[in-house]
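One structure below.
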Amino acid sequence: MSELVKVHRDGNVAVIVIDNPPVNALKNELRAKLVEALEQTKSDTAVAAVVITCAGRTFIAGADITEFGKPPQRPTTIDVIAVIEAMGKPVVAAMHGTALGGGLEVALGCHFRVAAPGARLGQPEIKLGIIPGAGGTQRLPRLVGIEQALAMILTGDPISAQDALRSGLIDEIIAGDLAQAAVAFARRVVDERRPLVLARDRQDKLASFTGGRAAFDELAASYMKRGKGLDAPRAAIDALRWALDLPVGEALARERDKFLELVAGEQAAAQRHIFFAERAAAKVPDLPAGVKPREIKRAAVIGAGTMGAGIAMCFANAGIAVTLIETSQEALARGLDGIAKTYKASASRGGLSPADMESRIALIAGETDIATVGGADLVIEAVFEDMAVKQQVFVDLDRLAKPDAVLATNTSYLDVDAIARGTQRPSCVVGLHFFSPANVMRLVEVVRGAATAPDVLATAIAIGSKIGKVPVVVGVCHGFVGNRMLRRRSVEAERVLLEGALPQDVDAAMTRFGFPMGPFAASDLAGIDIGWRMRKAQGLRAEIADRLCELGRFGQKTAKGFYLYEPGSRTPKPDAEVERLIVETSARLGLKRRPVDGNEIVERLLFPMINEAARILDEGVARRPGDIDVIWVHGYGFPVWRGGPMHYADNLGLDHVRDRLATFAAQTGDEGHRPAPLLARLVAEGRGFSSL
Ligand code: CAA
C-alpha cells in the first residue's frame, strides 16, 4: 500500500490511515489510493468493520484546493463516498483536528462517526466561494437538521465535537487513543449487529422541520443579508431547499452541478487567491532559518482610546493577559467601560457565554502608572497620532520595559524608523498597525523597520496569528500600504464630487461594487475631523471635507457630515446643504459640473489606488501583490469575491487600467495618475501582477 494510505488489521477490524501532511487534503492520488484500500477491505471476508482515520495533526481538512479550477479527476470524492456506502460492512470515521469540507463529507458517507474531544467539524466551502460538492448539503441536514445545517454551511464556521454530538453529527466523543477506541467502537457495532443506516437514507430530521417553506425562507433570508454580492450563499440555500423538496438522488446531482459551476467561476478563483495570499503574507523569505519568536505571556497597551481598548480585547480574546495603561483615571475608566459594554453586547447577542465574558474581562488589567509596562513581554503603543507624543512614550518604554520586550507602535502613518531611533534598542521596535474596530477587523500590518531584529519580526507575525489576525509584513513609508493607497482614493473621491457627483452617488457606486460602505459614509463613521487635522499638519487641503469640518460637521458624532443623521440613527440621509456647498465650490473653482456615472466613479476611485500599489511594489514596501489584496480585503472591506485590488486589476486587464489612468492624468492634470513604471512594464510584457 502507498505511503498516502496505509491499512492495518486489528483483529476483525481494518484500520485505514490517511497520511498526507500537513492537513490530509484529499488530493487526486490520495482518493485513488483510498478507493483501493476500501475495495481491498470490502472483499476481505476476515474484515468485519472498517475504521477510517488520519495520521498527523488532523483528519482530512477538505479537498486539495490547489486542484480546484483544473478538470476534476476520478475517482472524485463522490466516488469515494459511493464505495463507502456500498461496503456492506460498518465503516467508522474517527476524526481529530479539523474535519472540514470534503473531509467531513467522507465522514458523512460513513455509517458511524466518532471524534476526539478537541475536534472541530465544518463545511467551510462558502469561504472559498463554493458549496459542498460531495453531498454535504444533503447528508448534513439529514443528520443535524435543517437549522444547524444552514448555520454550518452558510457561515462556514466549524462546530466543536460537543456540539456535533448534541446535534447528532457524531455518535461518540472519544478521549484517549482515538484509533484504538474507534476500533473498539466498530467492534461493538458488529457485536451488537447495529443496523447500517446511511445518512442519505434518513428522513427523520428533515421531517421534523415543520416550519415549511415560509420558515425556511425566513431563516435563509437572515443569512443572505451577510452574503451581499456573493453567488455561493444563494446556491447553498437552494441546495438545502432541495434537501426538503427533492428525492435525495436528484438533489445530490443538482448539488454537484452547482458546485462545478461555482468552482469554475471568478468569485471562487478570487476567494482561493485570498486563501493562499493570506497564508503567504505571513512568510518572510529573508528571515534567517531557525529564527524563533519570543514568548509573549503578558502584553501591555498604552492608550485606552477606541484603538487601544480594541487591541487589548484582541489579547484577552486569545487568552493572553494584558495591561491597559492610561495617563488619567478617567480616561482609563472610559476605556475599561467601553470594553465591558462591548463584551456585554456580544454576550447578550449570544456570541459569548457569560463565563467567557467574565474571564476575558478579568484578563484585562487597568493601570495609570506607565512603569507597569515592566511586566510585559510585548508593549503596544496606541496613543495620539503625533510623532512627538509617540517618541516620548518610546523614551519611557526604553527606560521601563524589560530588556527583551518587543516594543510595537500602532501608528497608521508615521515613520517607524524615526520612532525606533529615539530608543537605545531600535532592533526591538516594530509597527503593529491595527484597523478599527481593532477587535473586529482581521488585518494587522506588521511594519518592519530598518533595524527590526528578525526574532522581533517573527514575534510580531506569530502574535498576530495567535490573536486571530491576518498579519501582513510591510515596509516603512508614509501610511504604509493600506493608508497610502487609501489617500489616493480619498483625493479622487473629493475630485469626483467637484466634477459633478454627490456623496450618495459615490457611495452607491462603491457599495454596488461590493464595499460594505461607501467612502463618504465611512468617513462620517470614523470622523471627518481626523483627516482634517492630519491635512492641516501637512499643509494639505480637501475642499469639501475641510469646509464641512469648519462648519462643525465632523460626521456621525455631530449628527452631520457628508450626510445628515436623525437623532439616534446611523443611517446617512442626503443633505441639501451639503449639495449646495459642493455645487458652490465647483463654481468657485471654475469647474463645470457634469454627470459622472457609476462605472466612472469606480474606475476613478480604484485605478489610482492600483497605480499607487504598483509603486509600492516597485519600492519593495509590499513584497507581493497578494499581500496588498489581503490588506484591502481584511482592512478596508474590499469585496473578497473580487480578490482584492491587484487580482481585480489582473482580471480587468492591466492595459485597460493603464489606458484609463492616462486619460485621468490628462483630465485632472494630476501627475500621480501617470501609469507607474511597473504597471507600464507589465503591460508591455503582456503580464499581470500575479506573475510577479
Ligand atoms: N488544500 C490544499 N492546501 C491546504 C488546504 C487544502 N484544503 N488546507 C490547508 N492547506 C495548506 C495551506 O495552504 C498551508 O500551506 P503552506 O504551509 O504552504 O502555506 C498548509 O496547508 C497549512 O495550512 P494552515 O497554515 O492554514 O494551517 P492551520 O493549522 O492554521 O489550519 C486548517 C489548518 C484549519 C485545516 C486550515 O488550513 C483550513 O481551513 N484549510 C482549508 C479547509 C477547507 O476550506 N476545506 C474545504 C475545501 S473545499 C472542499 O473540500 C469541497 C469538496 O470537497 C467538494
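The values are calculated or read from the model by the stated rules, or taken from the named source; none is laboratory data. Remember, predicted model here, so these are calculated numbers, not experimental data. Cβ sites come from the backbone with ideal geometry, for glycine too, and all protein chains shown count toward neighbours. To get the accessible areas, we keep the full protein, side chains included, count just its heavy atoms, and leave off ligands, DNA and RNA. Shrake-Rupley method; radii C 1.70, N 1.55, O 1.52, S 1.80 Å.
Points to keep in mind about this one:
- For the residues Leu678, Leu654, the requirement of being surrounded by 18 or more Cβ atoms within 10 Å (Cβ to Cβ), at pLDDT 95 or above and in contact with an Asp or Glu (Cβ under 9 Å, 6 or more places away or on another chain) singles out Leu678.
- When Glu125 is tested against (1) open to solvent by 20 Å² or more (accessible area, probe 1.4 Å); (2) among the acidic types (Asp, Glu); (3) in contact (Cβ under 8 Å) with a residue 12 or more places away in the chain, exactly one condition is not met: (1).
- Residues of the stretch 576-593 include none that is part of a loop (DSSP other than H, G, I, E, B), surrounded by fewer than 19 Cβ atoms within 10 Å (Cβ to Cβ), touching a strand residue (DSSP E or B) at 6+ places or on another chain (Cβ under 6 Å) and among the small types (Gly, Ala, Ser).
- Residue count, the stretch 132-179 (criterion: more than 21 Å from Gly62 (Cα to Cα) and either touching a Cys at 6+ places or on another chain (Cβ under 8 Å) or touching a residue at least 60 places away in the same chain (Cβ under 8 Å) (or both)): 4
- Where strands (runs of 3 or more DSSP E) sit wholly within the stretch 22-137, those with at least 3 residues that are within 15 Å of the ligand (Cβ to nearest atom) occupy 98-100, 120-122.
- Tally, over the stretch 111-154, of residues that are in contact with a strand residue (DSSP E or B) (Cβ under 9 Å, 6 or more places away or on another chain) and small (Gly, Ala, Ser): 8
- Residues (charged (D, E, K, R), in a helix (DSSP H, G or I) and over 33 Å from the mean Cα position of the chain (by Cα)) located in the stretch 658-692: Glu671
- Hey, Phe185 open to solvent by less than 50 Å² (accessible area, probe 1.4 Å), closer than 30 Å to Asp10 by Cα and more than 16 Å from the ligand (Cβ to nearest atom) or not: yes
- Checked against (1) in a helix (DSSP H, G or I); (2) polar (S, T, N, Q); (3) over 24 Å from Gly598 (Cα atoms), Ser490 meets all criteria but (3).
- Candidates are the residues of the stretch 365-394 that are part of a loop (DSSP other than H, G, I, E, B) and out of contact with any Ser or Thr (no Cβ under 8 Å at 6 or more places or on another chain); the one that is modelled with the highest pLDDT is Asp377.
- Sub-7 Å Cβ pairs linking a first residue in the stretch 23-38 that is over 21 Å from His96 (Cα atoms) to a second residue that is assigned to a helix (DSSP H, G or I) and open to solvent by 10 Å² or more (accessible area, probe 1.4 Å), at least 6 apart or interchain, are Asn28/Glu67; Val35/Asp79; Val35/Val83, ordered by first then second residue.
- Of all residues in the stretch 274-297 being within 14 Å of the ligand (Cβ to nearest atom) and open to solvent by less than 50 Å² (accessible area, probe 1.4 Å), the one that is nearest to Leu128 (Cα to Cα): Ile274
- Taking every residue in the stretch 618-645 that is over 19 Å from Val602 (Cβ atoms) and pairing it with any residue that is small (Gly, Ala, Ser) and in a loop (DSSP other than H, G, I, E, B), at least 6 positions away or on another chain, the pairs with Cβ-Cβ distances below 7 Å are Asp618/Ala676; Gly620/Gly475; Val621/Gly475.
- Test result for Ala37, touching a Pro at 6+ places or on another chain (Cβ under 7 Å) and over 28 Å from Leu150 (Cβ atoms): no
- Among the residues of the stretch 544-573, those that are surrounded by 21 or more Cβ atoms within 10 Å (Cβ to Cβ) and assigned to a loop (DSSP other than H, G, I, E, B) comprise Arg553, Gly561, Phe562, Tyr563, Pro572.
- Taken together, Gly643, Gly620, Gly626 contain a single residue that is farther than 16 Å from Asn483 by Cβ, in contact with a Gly (Cβ under 8 Å, 6 or more places away or on another chain) and open to solvent by less than 30 Å² (accessible area, probe 1.4 Å), which is Gly626.
- Failed condition for Leu661, given (1) open to solvent by 40 Å² or more (accessible area, probe 1.4 Å); (2) over 22 Å from Val284 (Cα atoms): (1)
- Against the test of being of a type in the set (Gly, Ala, Ser) and more than 30 Å from the chain's Cα centre (by Cα), the options Ala614, Ala622, Ala559 yield a single qualifying residue, Ala559.
- Pairs where the first residue, in the stretch 255-269, is closer than 10 Å to Ala235 by Cβ and the second is among the aromatic types (Phe, Trp, Tyr), C-beta under 9 Å, 6+ apart: Glu255/Trp242
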